[in-house]
Amino acid sequence: MPKTIFDKVWQSHVVAQAPDSPVVLYIDLHLVHEVTSPQAFSGLRQRDLTVRRPERTVATIDHSTPTKGLSLSLVDDMAAQQIRQFQTNCQDFGVPLYDLDSDERGIVHVVGPEQGFTQPGMTIVCGDSHTSTHGAFGALAFGIGTSEVEHVLATQCLLQYRPKTCLVNFEGELQPGVTAKDMILALIAEIGIGGGTGYVFEYAGSAVRSLDMEARMTLCNMSIEAGARAGMIAPDEIAFEYLKGRPHAPQGEDWDVALANWESLPSDPGAGYDKEISIDVSTLEPMLTYGTNPGMGVPVGIAIPDPARVSDLGQREALEGALRYMDLTPGKSLAGQKVDVIFVGSCTNGRISDLRQAASVLIGRKVADGVRLLVVPGSEKVRAQAEAEGIDQIVRQAGGEWRFAGCSMCIAMNGDQLQPGQYAVSTSNRNFEGRQGKGGRTFLASPLTAAASAIAGRVTDPRKYV
Amino acid sequence: MKPFTTLTSKLIPLPHRNIDTDQIIPARYLKVTDKAGLAEGLFHDWRYDAQGTANPNFVLNQPQFQGASILLAGDNFGCGSSREHAPWALVGWGIRAVISTSFADIFRNNALKNGLLPVIVDEGTLQSLFDLTEESPQAEVTIELKTRSLRLPDGSMVEFPIDAFAHKCLLEGVDQLGYIRSFEDQIAAYEFARGISIIG
Ligand code: SF4
C-alpha cells in the first residue's frame, strides 16, 4: 500500500503497543531548553533515574536569556536562577549544552537544523510547541509538555496515538514581496487556529518545492498555530544540500547510507490522506494579523472584518473582543495604522535569509521617528554571519537595535517587551493578548512587511520597497 | 498522580473561544523551577488590572465560585504553547475538570498527566451548560469518570468520550513513566536492532 512520509516515519519508530493503548514511540532527537525542563529533571532526581541517551539530547538556552549582552545581571533574579538551574541540570545529567558563552547558542529551533542535528526521517521532540519547525526536513517533529520531557529523558520514548494526516498543497508562483510567512498566515486565516487539531500536515506543491530550507522552516514552524502539532515537507536536493557538511550531519560513508534512506522518504504516489487542502499562492498578497490569535489575518490592503457582518454569535463576540483589545476600527484596512515597535526575530523569522530580507528594505533608509526597531538574530551563528555581511551596520544606521541571539520579544520573558497599549509589527508567531508584554498589541507579518513598516512608522505594504 | 473518580461542583463559566495558554498563565510566570505557586498567575491578566487590583467582574474573583472545581469554556481551549504550567496553574487553583467542545492536543495531553480531566461535549450541551450557569449559578453537576458521564441538575446524563488508556490512567492514578519503563526490553531491542549502542 502506498504510504505517506508521515506513515513511513511513524511506522519505523513504533517500539511497542499494548491493546487499547497508545504506541510507545522511539524519539531520535530531544531538544531541551531552560523553561520547560526544570521540573522534568527534578522528576528524574526524585526517582533516581538518569538520562537514557544524553548523546541524543541537545540543550540550549533561549527563552529567558538577555539579548543586550550575555551577563545574567541583565535579566531578573528568577530568570537568572532558572538559567543557573538549567546549567546545573545539564552538567549533572551529562546533557551537552550550548551555554551562554557558546558561539553556537541560540533559539532551539534555529540551532537544531543549523548544527545538522535535525535530519530527514527522524522523530524529534522538544518541550516547545514550535518544534514543528524541524518538519521542514521531513522529520516528524512536535512539541510536548514537561511530563513528557521527563518521559523522553528517562526512556527516549513517548506514548502517542497516531494522528490523522492532512495534505496542504500550495500551488503557483509567489509574487515579489510575498514570502513563506504570508503563505502560512493565509493558510491559518483560511482554516482557523483549530483547523489542524488532530492532524499532521504535509506541505507539498510547486510553491513549497521552490522554497529554500529557511522558508520551509518558517512554513512548518507555524503549523501549530493552526492546531496541527506537526508539519512535514518531503526532503529533496534542497534539503540534502543544506545539510551536507553541517557539524552533526553524517559524514563520509555514513552520508551515503543516510542519503539512500532519506531518498526513500517522500510520500508514495497515490498515498491517502484524511484531508486535503489546496491554496493558490500566485494571487497571494502580504498578510498581517489584526486580532488576538494567528488565524485573524488579512492581506495588507484588505479591510479587517466587521463584527456586525458576522452571523455566528460566538465568532462575532470573539471578533469584537479582539478588536476591543487591539483598539481597531472594523471595516478599515491595517495599511497606514501607526506602529510603535518593530520586532524582527524568533524561531519563525530569525534566520539569516530573514535578516537579509529585512536589511534589503532598511539599507540606506531610516526608521521613522518615535519607532523602535529591534533585530534579534535566531542564533549566534546567524548573528556572526549577519555581521560578516554588514547587516548589523545596516540595522544600526537605520536607527535600529542589534542584539544577541534569543527568543526576546517573541515571548517577552527576558525584559524585551512591549509597553501597555503599544502596537508592534512582529515577525514572530503569536499575537495572543499580552504575548509580547502585558497590554501590548501585535500584528504578525513577514520580515519584509516589518522592515517596510519600520521605515514608514505605519503598517506598510512591502511591495513598494522590493 | 491522584486518581480521579467522581467530582461534584458548580460550573465556573468562561464563555470565550480559543482560550490560549498565554491567557491561562502568562509567560512571565514560567520562570519557576518547580510546579508550586502557579495558581497566583492563573488567568492573571484577566484577573487583575495594571495596578494588581482584582477585577471584580472576572469569574475567578467572584465569591460564589471560590471552591468550585469545574471550568466551563468555549471551543478550542488551551491552544498555543506547550507549557504544562497551564494545567499546573489550573490544578493549583483547584480546577479538576474543564468542559468544552474541543481542546488543543498538547494541552489535553498535559492535562491528563496532571489529573485534570478534559470533558468534551457537543455544542448544544455546552450552550445549555452556559445557560444553566446564568439561570441557576448555584447548580452543581457531577462528573462520573467510571461511566464517562456528566450528570446535570435535572438528573439527565451526558456521555463524554475519553480513550481507554487515559480513562484507566486517571481512574487508577497510573504512573505513565513507570508504564513506559515496563517496555524496557522492547526499547532495548529496538535500539539494538538499529545500532543505537548502549554506551552511546
Ligand atoms: S522564538 Fe518564540 S516561539 Fe520560538 S521558541 Fe522562542 S519563545 Fe517559542
Every residue from the range B:1-52 that is of a type in the set (S, T, N, Q), open to solvent by less than 70 Å² (accessible area, probe 1.4 Å), more than 16 Å from the ligand (Cβ to nearest atom) and touching a residue at least 40 places away in the same chain (Cβ under 8 Å): B:9, B:18
If you go through the range A:429-439 one residue at a time, do you hit one that is open to solvent by 10 Å² or more (accessible area, probe 1.4 Å), touching a Gly at 6+ places or on another chain (Cβ under 7 Å), closer than 23 Å to residue A:188 by Cα and within 16 Å of the ligand (Cβ to nearest atom)? yes
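Would you confirm whether or not the range A:72-92 contains a residue that is more than 13 Å from every other protein chain (Cβ to nearest Cβ), open to solvent by 20 Å² or more (accessible area, probe 1.4 Å), more than 16 Å from the ligand (Cβ to nearest atom) and modelled with pLDDT of 95 or more?
Quick first cut of the range A:72-92, residues more than 13 Å from every other protein chain (Cβ to nearest Cβ) only: A:73-74, A:90-92.
From the residues that got through so far, the ones that are open to solvent by 20 Å² or more (accessible area, probe 1.4 Å) too are A:73-74, A:91-92.
Those still in the list that are more than 16 Å from the ligand (Cβ to nearest atom) too: A:73-74, A:91-92.
Filter once more, so that each one left must be modelled with pLDDT of 95 or more: A:91-92.
Within the range A:72-92 (the criterion being more than 13 Å from every other protein chain (Cβ to nearest Cβ), open to solvent by 20 Å² or more (accessible area, probe 1.4 Å), more than 16 Å from the ligand (Cβ to nearest atom) and modelled with pLDDT of 95 or more), the answer is yes, since at least one residue qualifies.
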With A:318, A:308 as the choices, which residue is away from every other protein chain (no Cβ under 14 Å), assigned to a helix (DSSP H, G or I) and hydrophobic (A, V, I, L, M, F, W, C)? A:308
Only residues that are buried (at least 21 other Cβ atoms within 10 Å of the Cβ) and polar (S, T, N, Q): list them for the range A:165-185, please. A:165, A:179
Counting only residues that are touching a strand residue (DSSP E or B) at 6+ places or on another chain (Cβ under 9 Å), in a loop (DSSP other than H, G, I, E, B) and open to solvent by less than 30 Å² (accessible area, probe 1.4 Å), how many does the range A:19-58 have? 10
Single residue of the range B:82-105 satisfying the filter (open to solvent by 10 Å² or more (accessible area, probe 1.4 Å) and part of a helix (DSSP H, G or I)) that is farthest from residue A:32 (Cα to Cα): B:93
Strands (runs of 3 or more DSSP E) contained entirely in the range B:112-200, each with at least 1 residues that are within 14 Å of another protein chain (Cβ to nearest Cβ): B:117-120
The residue that is farthest from the chain's Cα centre (by Cα), considering only those in the range B:155-198 that are open to solvent by 60 Å² or more (accessible area, probe 1.4 Å) and either more than 22 Å from residue A:13 (Cβ to Cβ) or of a type in the set (Phe, Trp, Tyr) (or both), is B:192
Evaluate the following for residue A:226: is it within 14 Å of chain B (Cβ to nearest Cβ) and either among the basic types (Lys, Arg) or surrounded by 16 or more Cβ atoms within 10 Å (Cβ to Cβ) (or both)? yes
Residues satisfying the stated conditions in the range A:157-180, i.e. at the interface with chain B (Cβ under 10 Å from one of its Cβ atoms) and not polar (S, T, N, Q): A:157, A:158, A:159, A:161, A:163
Spot the failing condition for residue A:217; the list is (1) away from chain B (no Cβ under 14 Å); (2) open to solvent by 20 Å² or more (accessible area, probe 1.4 Å); (3) under 18 Å from residue A:136 (Cα atoms), and only one is missed. (2)
Could you check how many residues of the range A:392-428 are within 16 Å of the ligand (Cβ to nearest atom) and among the polar types (S, T, N, Q)? 6
Within the range A:344-373, the count of residues that are touching an Asp or Glu at 6+ places or on another chain (Cβ under 6 Å) and either within 16 Å of the ligand (Cβ to nearest atom) or on the phi > 0 side of the Ramachandran plot (or both) comes to 1
Which of the following residues is farther than 26 Å from residue A:148 by Cα and at pLDDT 95 or above: B:149, B:69? B:149
For the range A:168-183, which positions are in contact with a helix residue (DSSP H, G or I) (Cβ under 7 Å, 6 or more places away or on another chain), part of a helix (DSSP H, G or I) and among the charged types (D, E, K, R)? A:181
One residue is enough: does the range B:2-13 have a residue meeting the conditions within 13 Å of another protein chain (Cβ to nearest Cβ) and of a type outside the set (Ser, Thr, Tyr)? no
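Quick check on the range A:387-408: of everything there that is over 21 Å from residue A:456 (Cα atoms) and crowded, with 23+ Cβ neighbours inside 10 Å, which residue is nearest to the other protein chains (Cβ to nearest Cβ)?
Residues of the range A:387-408 that are over 21 Å from residue A:456 (Cα atoms), as a first pass: A:387-390, A:403-408.
Okay, now just the ones that are also crowded, with 23+ Cβ neighbours inside 10 Å, so A:405-408.
Details: A:405: 18, A:406: 13, A:407: 9, A:408: 12 Å.
Looking at residues that are over 21 Å from residue A:456 (Cα atoms) and crowded, with 23+ Cβ neighbours inside 10 Å, I get A:407.
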Pairs with Cβ under 7 Å, 6+ apart, first in the range A:392-417 and more than 24 Å from residue A:102 (Cα to Cα), second of a type in the set (A, V, I, L, M) and assigned to a loop (DSSP other than H, G, I, E, B): A:394/A:363; A:398/A:367; A:399/A:367; A:400/A:367
Can you tell me which residues in the range A:108-156 are within 16 Å of the ligand (Cβ to nearest atom), more than 9 Å from chain B (Cβ to nearest Cβ) and open to solvent by 10 Å² or more (accessible area, probe 1.4 Å)? A:114, A:117
Which one is surrounded by the fewest Cβ atoms within 10 Å (Cβ to Cβ) among residues in the range A:285-334 that are within 19 Å of residue A:421 (Cβ to Cβ) and hydroxyl-bearing (Ser, Thr, Tyr)? A:329
Close pairs (6 angstrom Cβ cut-off, 6 or more residues apart or separate chains): closer than 17 Å to residue A:346 by Cα in the range A:106-123, more than 13 Å from the ligand (Cβ to nearest atom) and open to solvent by less than 10 Å² (accessible area, probe 1.4 Å) anywhere: A:112/A:118
Could you list, ordered by first residue, the pairs with Cβ atoms under 6 Å in which the first is in the range A:45-62 and more than 11 Å from residue A:97 (Cβ to Cβ) and the second is open to solvent by 10 Å² or more (accessible area, probe 1.4 Å) and among the aromatic types (Phe, Trp, Tyr), at least 6 apart or interchain? A:51/A:93
Taking residue A:449 as the residue in question, decide whether it is away from chain B (no Cβ under 14 Å), among the hydroxyl-bearing types (Ser, Thr, Tyr), crowded, with 24+ Cβ neighbours inside 10 Å and under 25 Å from residue A:133 (Cβ atoms). yes
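The values are calculated or read from the model by the stated rules, or taken from the named source; none is laboratory data. Given the structure is predicted, the values throughout are model-derived calculations rather than measurements. Positions of Cβ are backbone-derived with ideal geometry, glycine not excepted, and every protein chain shown enters the neighbour counts. For the accessible areas, the whole protein counts, side chains as well, though only heavy atoms, and no ligand, DNA or RNA atoms are used. Shrake-Rupley method; radii C 1.70, N 1.55, O 1.52, S 1.80 Å.
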